[in-house]
1. So which residues in the stretch 46-57 are modelled with pLDDT under 85 and either within 13 Å of Arg26 (Cα to Cα) or not basic (Lys, Arg) (or both)?
2. If a residue has to be in a loop (DSSP other than H, G, I, E, B) and over 14 Å from the mean Cα position of the chain (by Cα) to count, how many in the stretch 30-45 make the cut?
3. If you check Ala35 against the conditions, is it surrounded by fewer than 17 Cβ atoms within 10 Å (Cβ to Cβ) and under 23 Å from Ala124 (Cβ atoms)?
4. Just name the residue that is modelled with the lowest pLDDT out of those in the stretch 96-129 that are within 13 Å of Leu17 (Cα to Cα) and outside any helix (DSSP H, G or I).
5. Taking into account only those residues within the stretch 121-149 that are out of contact with any helix residue (DSSP H, G or I) (no Cβ under 9 Å at 6 or more places or on another chain) and either surrounded by 12 or more Cβ atoms within 10 Å (Cβ to Cβ) or free of Cβ contacts under 8 Å to residues at least 12 places away in the same chain (or both), which is nearest to Ala36 (Cα to Cα)?
6. Would you please name the residue that is surrounded by the most Cβ atoms within 10 Å (Cβ to Cβ), looking only at residues in the stretch 46-75 that are outside any helix (DSSP H, G or I) and not small (Gly, Ala, Ser)?
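The values are calculated or read from the model by the stated rules, or taken from the named source; none is laboratory data. All values derive from a computational prediction rather than experimental measurement. Quick reminder, even Gly has a Cβ in these numbers, built from the backbone with ideal geometry, and neighbours come from all protein chains shown.
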Amino acid sequence: MRLLGVGGLLELRRVDLAPLVASLTRELAAKLGIAAPSISRAVLAQLAAHDWPGNVRELMNVLETALIVGGGRTLALPEQLARRPSRRGVEALRGPRFEAAVRDAIEQALRATRGKIYGVDGAAAHLGLKPGTLQSKMRKLGVDRSKFV
């Protein structure tokens, strides 16, 4: 899996979490031979409230279990994830390796949609983001949409 090499602190903000979760969910679903389910805002909120002391590896394990338990139809997050309070909250700092993972997830979505951002088949929907949020992240991370058209 390509994102396995991502390490360091996985201290997330809600807008950074969606593209990473979408990318990991697609990769894990492909590995399991099931369709990747859509990711609800409620699931993203639960994931964002968690501290992720195990970093990306822990997130991947939670997502893989959620895919299996949900049968590919939904992400069924473990109950203990919702009950565990966050020490840092969702406005924690990010590291450069995490930003690289987010950039990679955005680029994968743009590649899959041939640079299309808007609409149900656009990269924003693919990542579970609003188009304006995706464009803002692209500007911040230096992602050029024209490379994928």
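1. Those that are modelled with pLDDT under 85 and either within 13 Å of Arg26 (Cα to Cα) or not basic (Lys, Arg) (or both): Ala48, Ala49, His50, Asp51, Trp52, Pro53, Gly54, Asn55, Val56.
2. Summing the residues that are in a loop (DSSP other than H, G, I, E, B) and over 14 Å from the mean Cα position of the chain (by Cα) in the stretch 30-45 gives 3.
3. Yes.
4. Going through the qualifying residues, I end up with Gly128.
5. Asp121
6. Just the residues of the stretch 46-75 that are outside any helix (DSSP H, G or I), to begin with: 49-54, 70-75.
Imposing the further condition that a residue be not small (Gly, Ala, Ser) reduces the set to 50-53, 73-75.
Numbers: His50: 21, Asp51: 17, Trp52: 20, Pro53: 10, Arg73: 11, Thr74: 15, Leu75: 24.
In this case the residue turns out to be Leu75.
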